[in-house]
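Novice: Mind looking over this structure? Questions follow.
Derivation of every value follows stated rules applied to the coordinates shown; laboratory data play no part. Predicted model only: the values in this text are computed from it and were never measured. Cβ coordinates were reconstructed from backbone atoms using ideal geometry, including for glycine residues, and neighbour counts include every protein chain displayed.
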Amino acid sequence: MEIGPYSIPPGVDVFPGLKYIMHDPQYWDSPGEFCPERFIDKDTGRAITNNPYYVPFEVIFQEHAMHALMARNQ
């Protein structure tokens, strides 16, 4: 698999830098500003989850928990 100029061998786990995804001005207006309402649909009041650049906090915490478990099992 190629990601930009990098060749990723099969079987290698890739963990993106979520800070850079969630703070990219190409995808978010005022990315450095705390604005949770940007993730809420104004009509329904429900979370907008179909944006590929939206990463909910529970995903971040699950990844952290997975890394902690892996580190303990080393």
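Novice: Based only on other Cβ atoms within 10 Å, what is the fewest-to-most ordering of 54, 6? Please list the in-between numbers first.
Specialist: On the way: 54 16, 6 8.
Exposure proxy ranking, most exposed first: 6, 54.
Novice: Suppose R0 equals 30 Å; then what is the FRET efficiency for residue 51 and residue 7 from their Cβ-Cβ distance, rounded to the nearest 0.05? Don't skip to the answer; put the middle values down first.
Specialist: On the way: r = 29 Å, r/R0 = 0.95.
The formula returns an efficiency of 0.55 here.
Novice: Between residue 18 and residue 33, what is the spin-label point distance in nm, taking each point 7 Å from the Cα along the Cα→C-beta axis?
Specialist: 2.4
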